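What follows is a single structure, and I will ask about it in a moment.
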Amino acid sequence: MTEKETKKSWEELAESSSWLDRIEAARRAPEEYLDKLVSDSCPMVRMQVAMRGRDDDLDILVHDPDSGVQMAVAIQGRGIDSRALAKSKSAIVRAEVAKHCDGGCLSMLVHDTAACVRIQVARRGRDKDLQLLAYDREWKVRLACANGELDIETDSPIWNTLAHDRVVDVRLAMAKHGRMQDLDSLVHDKDPWVRAEVALRGRDSDLRQLAKDRSWIVRQAVCKKARGLELDQLVKDEDMGVRMGVAWRGRDKDLDILRFDSEWGVRCAVAKAGRDKDLQLLARDPNRFVREAAQKAWAKKQDALARERRWLKTSNSQYEKDLADLTKLQEMGRIKASLDLEEVSRQLPAWRLEELEKQGSK
């Protein structure tokens, strides 16, 4: 197709009665055709023009009454458009503006009536905004505050407010991201998932206390971070899931006890640890699932050993080849006679023969 024919085809698309054709033109046509499409009657066409990101078009479309077009302009992230779009009737447009606007717009949007806008403001993490939004009536806004990068002063009342929030999700977020001193109150939280999240923070005093918790959810979480004394206590726990968690930690003294556990799930967890003496015992277990777990663990261990042997064999053969090549080069006088060839060949391929030759020629 010649240039003239191509130009004609774009003109036909831009002037077509079909809005689908005009959208295609707005998406792909050269920029000179956008001057006509920017004022198209179809908002989908104007959206595509806005997505092209031409400044002249955005200056016009920022005042478009259609919220979809406004959204397309907001996505471009121009600071000059933020002021106008922050007053849009559409909440999703204002939320998009809140993602990248300057401080002046944030000061206005922090009081927005739509929760989705205030959530985006909270995610920006500005101190003065968080001071307001931590007390917001909408719990999802407070959750955004707790989940954000709370780079604010340590003694701010925001922390304490969010750590004692009435909504579990907010307290859960504070258990994940909050200060260590907030854990002092969260460790006594009425919700087991919050206490479990505190356990995962791994503080010694919390682990000692939560190892005796009434909820198996919390004790399972303790298993992941517990140290000696806590594991000694949890290995005798009444809950099967907790004992499985202890087995997954792989301590020899725990496995010696749990290999004889009455629950087959615990014995499967012991098998996955892959100790030879456990696999030999559990391969004869009366439970089919335990035997299968032991067989899989044994096969996995043998496969790993075979891969290691293959790697060593390949490595040794490569070492011998490198040593022979280096010896020839040294005999030819192309590398220094003082080099320890055995040591150098073990370091290959970090060393390169070309580099050695360069050193020898100096």
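The values are calculated or read from the model by the stated rules, or taken from the named source; none is laboratory data. Every value quoted in this text rests on a predicted model; they were computed, and no experiment measured them. Don't worry about glycine lacking a Cβ; one is built from the backbone with ideal geometry, like all the others, and counts go over all protein chains shown.
Go through the residues of segment 21-28 one by one and say whether even a single one is at pLDDT below 85, among the hydrophobic types (A, V, I, L, M, F, W, C) and more than 28 Å from residue 98 (Cα to Cα).
No.
Separate question: At pLDDT 90 or above, buried (at least 16 other Cβ atoms within 10 Å of the Cβ), within 25 Å of residue 98 (Cβ to Cβ) and not hydroxyl-bearing (Ser, Thr, Tyr): is that true of residue 143 in this structure?
yes
What pairs come up if the first residue lies in segment 59-78 and is within 16 Å of residue 40 (Cβ to Cβ), the second is not in a helix (DSSP H, G or I), and their beta carbons are under 7 Å apart, counting only those six or more places apart or on different chains?
Within 7 Å, the pairs are 60/38; 61/38; 70/64; 70/88; 70/90; 73/62.
Any residue in segment 122-133 that is among the charged types (D, E, K, R), touching a Phe, Trp or Tyr at 6+ places or on another chain (Cβ under 9 Å), crowded, with 17+ Cβ neighbours inside 10 Å and touching a residue at least 12 places away in the same chain (Cβ under 8 Å)?
Scanning segment 122-133, I find no residue that is among the charged types (D, E, K, R), touching a Phe, Trp or Tyr at 6+ places or on another chain (Cβ under 9 Å), crowded, with 17+ Cβ neighbours inside 10 Å and touching a residue at least 12 places away in the same chain (Cβ under 8 Å), so the answer is no.
When residue 114 is evaluated against the numbered criteria (1) surrounded by fewer than 19 Cβ atoms within 10 Å (Cβ to Cβ); (2) in contact (Cβ under 8 Å) with a residue 24 or more places away in the chain; (3) among the small types (Gly, Ala, Ser), which criterion, by number, is the only one it fails?
(2)
Does any residue in segment 180-205 that is of a type in the set (A, V, I, L, M, F, W, C) and surrounded by fewer than 18 Cβ atoms within 10 Å (Cβ to Cβ) come within less than 8 Å, Cβ to Cβ, of a residue that is modelled with pLDDT under 95 and not in a helix (DSSP H, G or I) six or more places away or on a different chain, and which pairs are these?
Final answer for the pair search is 180/201; 180/203.
Just wondering, is there one or more residues in segment 153-163 that are in a helix (DSSP H, G or I), at pLDDT 90 or above and among the aliphatic types (A, V, I, L, M)?
Checked against the condition, which is being in a helix (DSSP H, G or I), at pLDDT 90 or above and among the aliphatic types (A, V, I, L, M), segment 153-163 yields no hits at all.
Another question about this same structure. Would you be able to tell me the number of residues in segment 30-65 that are surrounded by 16 or more Cβ atoms within 10 Å (Cβ to Cβ) and among the charged types (D, E, K, R)?
Residues flagged as surrounded by 16 or more Cβ atoms within 10 Å (Cβ to Cβ) and among the charged types (D, E, K, R) within segment 30-65 amount to 7.
Right, another one. Does residue 166 satisfy the criteria of being within 27 Å of residue 103 (Cα to Cα), basic (Lys, Arg), out of contact with any Gly (no Cβ under 8 Å at 6 or more places or on another chain) and not in a helix (DSSP H, G or I)?
It is false that residue 166 is within 27 Å of residue 103 (Cα to Cα), basic (Lys, Arg), out of contact with any Gly (no Cβ under 8 Å at 6 or more places or on another chain) and not in a helix (DSSP H, G or I).
Name the residues in segment 159-179 that are closer than 11 Å to residue 134 by Cα and crowded, with 22+ Cβ neighbours inside 10 Å, would you?
Hits for segment 159-179 are 162, 163, 170.
So which of 206, 239, 213, 232 is closer than 15 Å to residue 176 by Cβ, at pLDDT below 95 and over 26 Å from the mean Cα position of the chain (by Cα)?
Sole residue among the options that is closer than 15 Å to residue 176 by Cβ, at pLDDT below 95 and over 26 Å from the mean Cα position of the chain (by Cα): 206.
Looking at segment 111-128, can you tell me whether even one residue there is assigned to a loop (DSSP other than H, G, I, E, B) and of a type in the set (S, T, N, Q)?
Taking every residue of segment 111-128 in turn, at least one turns out to be assigned to a loop (DSSP other than H, G, I, E, B) and of a type in the set (S, T, N, Q).
Among the residues of segment 181-193, how many are more than 10 Å from residue 217 (Cβ to Cβ), in a helix (DSSP H, G or I) and not hydroxyl-bearing (Ser, Thr, Tyr)?
5
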